Amino acid sequence: MPDPAQGTDRHGATRPRSARLHLFESAAGHFALDVESGRIHQLPAGHASTLDTTLRLGDPGRAELAALAFGILTGTVAEVEAPKNVPLKAVSLAVAQRCNLGCTYCYAQQGTFGGAAGNMPADVAKAAIDRLIHAAEPGEALTLAFMGGEPLVNRKTLHASTRYAAGEAAARGIGIGFSITTNATLLREEDIALFEEYGFTLTISLDGLDATHDRLRPYRSGNGSFATVAKNVSALLAVDQRRYRVLARVTVTPKNLDLPEIMNGLLDMGFDAVMFSPMLSAPSGKEEMLAADLDRLLDQLIRCGESFREGLRQGHILPFSNVITTLQRIHSYRREQYPCGAGGGYMGVSADGGLYACHRFVNDEDGHMGDVFSGVDRDKQSSWLDSRHLQKQSPCNSCWARYLCSGSCHYEAIKRGRPACDYIRGWLTYCLALYTELSHAQPDTLKKILASH
């Protein structure tokens, strides 16, 4: 299939030429994405050539009229209004605003988020949990996440909060799921027992194998942490018929762009899934991805995608989250106005009880939303939801990928702008091509991918 990352202008085929239409090719033929409906239409070669030529001439209006005549474009669609407020469905607790590692790029500034290092007191954690659970209706599903810093620095509050939240939710007929993001260096048997009892989803921050990880995620002393992480991950994965999932999350910087090697190594370790996320905004500015780095990232991610494709040919689904979640998003296409629930149904809680748009905004006035004792400041939330609405984001409102990307991470967009748009569109075009190929050649396999976690 054509590689969207190749050519004289490597991004020319994926940059927006129409806000309503995106043309792409795959081994299955010529296709057009109707941006408003999300429908993917296969095109006769003649129709594809007509539309492509017209767009190359810089006449999107004429191309869109032709697409309407071909029956592949939705007419005018009403804009979606920004909500005034959204009830909380998920919170992340920064139970420890401190960390035992000295990661070179840390967005949380070694866990302190620019403030004093400290642990979340029990009363703050309880108030946050009460704020989440007591407003929910029976039958609803909520999520409680533990983050930091390194959350296992404050093991006592983490354990007590999990048990309290589970008890309160059960008493009210409310479902609640638990997750934790951890560097896995402080793991103990009692933690594994807690994760098993409550069916946690664990995200382990691992930025490579051996020396690569040690270079990016050393202890504060400067010593490497990989050996300890690998030992503890092995203990996590050794539990028979475990209820918890163990995922690897790799923060990609210019110093760890060997993605296929990293993915294969982490899968060999036994992780349930692997995902990559580029470092686009760090408080220090260190290790941020520049344009050339993002071009290489796209190449590397496509190589991982080709490994995924090869796995399908051999009859198994490689647990590569980047491709699976993108295929799922293409299939369940919605006119999403926000990239995530930040500032709406999801908020982060600082150690002192502040409510923030998400875990990345902790201690940052740009995302301040109230506190756990007095509740969400509805005026601030309403202002946030209005200002961050997709229709207010430029150049998102003229981009064909807007409902698949939904404006990208709020924190990164506010702090650094949108340096990754070409990379995102390149990856989406690759996955659109893969989706059409699987739809035609392996529909049963595609169904399994869409149903996977």
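The values are calculated or read from the model by the stated rules, or taken from the named source; none is laboratory data. A quick note: this is a predicted structure, and the numbers were derived from the prediction, not measured. Glycine gets a Cβ as well: all are built from the backbone with ideal geometry, and neighbour counts include every protein chain shown. Areas reflect the complete protein model, heavy atoms only, side chains present, ligands, DNA and RNA absent. Shrake-Rupley method; radii C 1.70, N 1.55, O 1.52, S 1.80 Å.
Determine the pairs where a residue that is of a type in the set (D, E, K, R), located within the stretch 126-139, has a partner that is in a helix (DSSP H, G or I) and modelled with pLDDT of 95 or more with Cβ atoms under 7 Å apart, the partner being 6 or more residues away or on another chain.
Qualifying pairs under 7 Å: 126/164.
Step by step: first the residues of the stretch 1-42, then only those that are on the phi > 0 side of the Ramachandran plot and modelled with pLDDT of 95 or more, then the one that is surrounded by the most Cβ atoms within 10 Å (Cβ to Cβ). Which residue is that?
38
For the stretch 70-85, indicate whether the set of residues that are farther than 30 Å from residue 180 by Cβ, open to solvent by 30 Å² or more (accessible area, probe 1.4 Å), polar (S, T, N, Q) and modelled with pLDDT of 95 or more is non-empty.
Taking the stretch 70-85 and keeping what is farther than 30 Å from residue 180 by Cβ, we get 70-82, 84.
Cutting the leftovers down to open to solvent by 30 Å² or more (accessible area, probe 1.4 Å) gives us 70-71, 74-81, 84.
The next check asks that each one be polar (S, T, N, Q); those that pass are 74, 76.
Checking which are modelled with pLDDT of 95 or more leaves us with none.
No, the stretch 70-85 contains no residue that is farther than 30 Å from residue 180 by Cβ, open to solvent by 30 Å² or more (accessible area, probe 1.4 Å), polar (S, T, N, Q) and modelled with pLDDT of 95 or more.
Considering only the stretch 261-268, I want to know if a residue exists there that is more than 25 Å from residue 422 (Cβ to Cβ) and of a type in the set (A, V, I, L, M). So that I can check it myself, show each step before the final result.
Applying the first criterion (more than 25 Å from residue 422 (Cβ to Cβ)) to the stretch 261-268 yields 264-268.
Then drop every residue that is not of a type in the set (A, V, I, L, M), which leaves 266-267.
Checked the stretch 261-268: at least one residue is more than 25 Å from residue 422 (Cβ to Cβ) and of a type in the set (A, V, I, L, M).
I'm trying to understand the selection: among the residues of the stretch 160-183, which are open to solvent by 30 Å² or more (accessible area, probe 1.4 Å) and part of a helix (DSSP H, G or I)?
Scanning the stretch 160-183 gives 160, 163, 164, 167, 168, 170, 171.
All but one of (1) without any contact (Cβ under 8 Å) to a residue 24 or more places away in the chain; (2) within 18 Å of the chain's Cα centre (by Cα); (3) farther than 27 Å from residue 290 by Cα hold for residue 450; state the number of the condition that does not hold.
(1)
Filter the stretch 281-314 down to the residues that are in contact with a Phe, Trp or Tyr (Cβ under 8 Å, 6 or more places away or on another chain) and in a loop (DSSP other than H, G, I, E, B) and list them by number. Full working, then the answer.
In the first step, residues of the stretch 281-314 are kept if they are in contact with a Phe, Trp or Tyr (Cβ under 8 Å, 6 or more places away or on another chain); the result is 281-284, 286-288, 294-295, 297-298, 301-302, 304-305, 307-308.
Those that are in contact with a Phe, Trp or Tyr (Cβ under 8 Å, 6 or more places away or on another chain) and in a loop (DSSP other than H, G, I, E, B): 281, 282, 283, 284, 286, 287, 288.
Applying the selection to the stretch 246-262, what residues are closer than 16 Å to residue 216 by Cβ and outside any strand (DSSP E or B)? Spell out the reasoning first.
Applying the first criterion (closer than 16 Å to residue 216 by Cβ) to the stretch 246-262 yields 248-259, 261-262.
Hits for the stretch 246-262 are 253, 254, 255, 256, 257, 258, 259, 261, 262.
Restricting attention to strands (runs of 3 or more DSSP E) lying wholly within the stretch 315-427, give those where 3 or more residues are among the basic types (Lys, Arg). Give the steps one after another, and end with the answer.
Details: elements: 346-349, 354-356, 368-371.
The strands (runs of 3 or more DSSP E) meeting that bar number zero.
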